[in-house]
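See below for the structure under consideration.
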Amino acid sequence: MTELNTADSAGTAVWDHFDNVEPGIRRRIAVQDPAIKEYLDGMLARIAAHRGVEHPYLNAYRTTRLTPEQERLMYSECYYFFRHLPFYITGMAIKTRDEMILREIILNVADEVGGEVTHSTLFGNFLAGIGIEKEHLDGYAPLEVTKRLNDGIRVLYTESPIHTSLGALYADETMSSIMVSKINDGLAHQGYGKELRHFWQLHIDVEVGHSNSVFNAIAPYVGSEATRAEFEQGAFAFLRLVEDYWDGVQQLVGLQA
């Protein structure tokens with residue numbers, strides 16, 4: 001399993017985790033122009049260092065036990081963060097006629113919904129395992145900041161230029177690979193075993209592969225300064241939404257960082 005607890009672990013550049021993946025995880029394509037890889041590696045490092053990724057709440061959660069009610073609030077908000085993402089990612093496909101981009105989008109979504117058990121089902125099983133049932137979630141009113149996050153991601157993925165969408169997705173998948181590692185640590189600190197944490201452990205490596213898929217999709221295009229500007233616009237718009245989301249969750253849960 002890839003270790004991604006910090007943006008820079010034991011002096012290893014964060015992109016080394018994405019260059020050297022476990023068997024079965026999507027790999028980066030070979031890029032002939034070293035300036036392209038240097039740019040995308042640099043973007044990955046900027047994403048990993050962003051406060052939306054290295055958020056005080058997530059870092060505190062790794063080593064702080066929550067009460068059952070705090071836990072219930074945190075993961076109810078997570079449900080409304082995650083639930084529609086595969087649909088929004090699929091919506092990106094209609095905006096391109098590039099088969100490589102289409103292929104990488106399909107591979108990403110296939111990971112989420114193409115197996116015998118979808119990842120949303122695995123997440124539902126996790127929620128049930130910590131006592132959060134579907135009936136509770138159906139009646140739960142998420143924070144306004146969570147609604148803004150969800151709608152902001154929808155707009156970035158389905159209504160923005162394709163290079164902006166890919167920037168948002170690069171930030172999303174890179175952020176997620178680090179976020180799920182921190183959450184997995186927090187759950188272990190809460191005393192939950194590996195079986196219950198399966199969803200989170202699975203995604204530590206899966207999200208690295210998804211980030212690599214976006215690397216593969218965008219690499220042919222980021223030689224252009226105009227494309228880089230669109231790509232970065234999407235990436236940092238996504239990260240601002242996530243940063244605001246975790247600020248809201250921290251205030252709701254009441255965890256002091």
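Brief remarks follow.
- Taking all pairs of distinct alpha-carbon atoms in the range 1-144, Kirkwood radius in angstrom: 18.4 Å
- Around the Cα centre of the chain, unit charges on the Cβ atoms of Lys, Arg, Asp and Glu (plus for the first two, minus for the last two) sum to a dipole of about 140 debye.
- The residues of the chain have, on average, 43 Å² of accessible surface per residue, using a 1.4 Å probe with all protein chains present.
- Low-density loop positions, trypsin sites (Lys or Arg not before Pro), the range 47-81 - DSSP coil, at most 13 other Cβ in 10 Å: Arg51, Arg65
- FRET efficiency estimate (nearest 0.05) - Cβ-Cβ, Arg83 to Asp19, R0 41 angstrom: 0.85
- Among the protein heavy atoms, those of His189 account for about 80 Å² of accessible surface (1.4 Å probe, every chain in place).
- Pair Ala226, Ala35: separation of 7 Å Cα→Cβ label points (nm): 1.7 nm
- Apportionment of accessible area to carbon and sulfur, the range 111-236, percent (1.4 Å): 51 percent
- Between helix 144-158 and the chain: long-axis angle, C-alpha atoms, 0 to 90°, nearest 10: 20 degrees
- Rounded to the nearest 10 degrees, the inclination of helix 162-190 to the longest alpha-carbon principal axis of the chain is 30 degrees.
- Estimated 222 nm signal from helices in the chain, with DSSP H stretches of n ≥ 4 weighted -39500 (n - 2.57), rounded to 500: -22000 deg cm²/dmol
The values are calculated or read from the model by the stated rules, or taken from the named source; none is laboratory data. Worth saying up front: this structure is predicted, and the values here are computed from it rather than measured. So basically every Cβ, Gly included, is an ideal-geometry build from the backbone, and we count neighbours across all protein chains shown. Please note that ligands, DNA and RNA were not included when accessible areas were found on the heavy atoms of the full protein model with its side chains. Shrake-Rupley method; radii C 1.70, N 1.55, O 1.52, S 1.80 Å.
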